[in-house]
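Written below as C-alpha cells is the structure these notes are about.
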Amino acid sequence: MNNETLSIKQLSSELRNDFYRVHSSANGHDYCFCAAWWVKGWKDFDQRTAEENRAVREELFETDRMDGYLLYSNDKPIGWVQACGRDLLVKLTKQFRRRADRKSAAITCWFLAPQHRKKGLSDKFLQLIVKDLFDRGYQYIEAYPVKWQEKKPDDDVWTGPLSMYERAGFFIENDHETYPVYRINMMKDK
C-alpha cells in the first residue's frame, strides 16, 4: 500500500463497467449487484437469480438513479459502497421505521475485493464517502451494521463492520438487538 493512491467516484452510467468489475465472479461477488434495497421485500430474495438482480441494477443505470461509490486504488476499481439519500430506499425507510428526511443519507451495503481486505482501506473509504456526502449537503448519515457481523466471515459483513463506523465517529441512535441505526451528524454533535 506504499504507493497506493485511493480515490472514490460517485456511481454514474459512465462507470457501469467499473461497477461490474467489482461485482464480478473474479471477486466472488456476482449475485446481488446491490439490488436488495431496491426490490419490494426480503421474502424469497435468496431465491432471486443473479440475472434478476442484474436487471434491477441495469434499470437503475438506465433511469440514472445512482446510489453509491466505487473505491479506486491507482485508478483500478476495488470496492463498492451503496450510499445515497436515505429516502430513495423506500424498503429501508420502512424496515427501520425512519421518517422522511431529505437531509439524511444512508450507507447500506459494503464490499471490498478480497485481495484488498485487512489493509485498513475500509476506514479510508468510509472517510472519503462521509466527506463527500457532507459536501453534497447531507447533514446526517446513517449506517445499519448488524451487531453480530463482527464474528462472521468477511463476505457476510455486507452492511460494513460496526467497529469501522464507531472509529469514524458514528454513534448509536436507535438501539436494536440485531439491527441498530448508527448515525453521524455534520457537526458531529452527539
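Computed from the coordinates by the stated procedures, all read-outs in this text should not be read as laboratory data. This is a predicted model, so every value here is computed, not measured. Backbone-built Cβ (ideal geometry, glycine too); neighbour counts: all protein chains shown.
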Original post:
Going by how many other beta carbons lie within 10 Å of each one, how would you line up 93, 49, fewest first?
Top reply: 49, 93
**OP:** Quantify how much of the Cα-Cα distance distribution of the chain extends past 19 Å, in percent.
**Re:** 58
**OP:** Considering Cα pairs under 8 angstrom that are at least six residues apart, work out the relative contact order of region 6-185 and quote it in whole percent.
**Re:** 18
Original post:
Roughly speaking, what is the centre-to-centre gap between region 131-148 and region 1-31 when only Cα atoms are used, to the nearest Å?
Top reply: 20
**OP:** Any aspartates and glutamates with Cα under 12 Å of the residue 9 Cα? List them, leaving off those in the same chain fewer than 8 positions away.
**Re:** 18, 67, 75, 132
Original post:
Build a GNM of the chain with springs between Cα atoms under 10 Å: which of 116, 176, 23 gets the top mean-square fluctuation?
Top reply: 176
Subject >> Packing-based exposure ordering (other Cβ within 10 Å, fewest first) of 141, 107 >> reply: 141, 107
Original post:
Please identify the trypsin sites (Lys or Arg not before Pro) of region 41-81 that satisfy two criteria: DSSP loop assignment and at most 10 other Cβ atoms within 10 Å. Which are they?
Top reply: 43
Original post:
Based on DSSP, what percent of beta bridges with both residues in the chain are antiparallel, to the nearest 5?
Top reply: 85
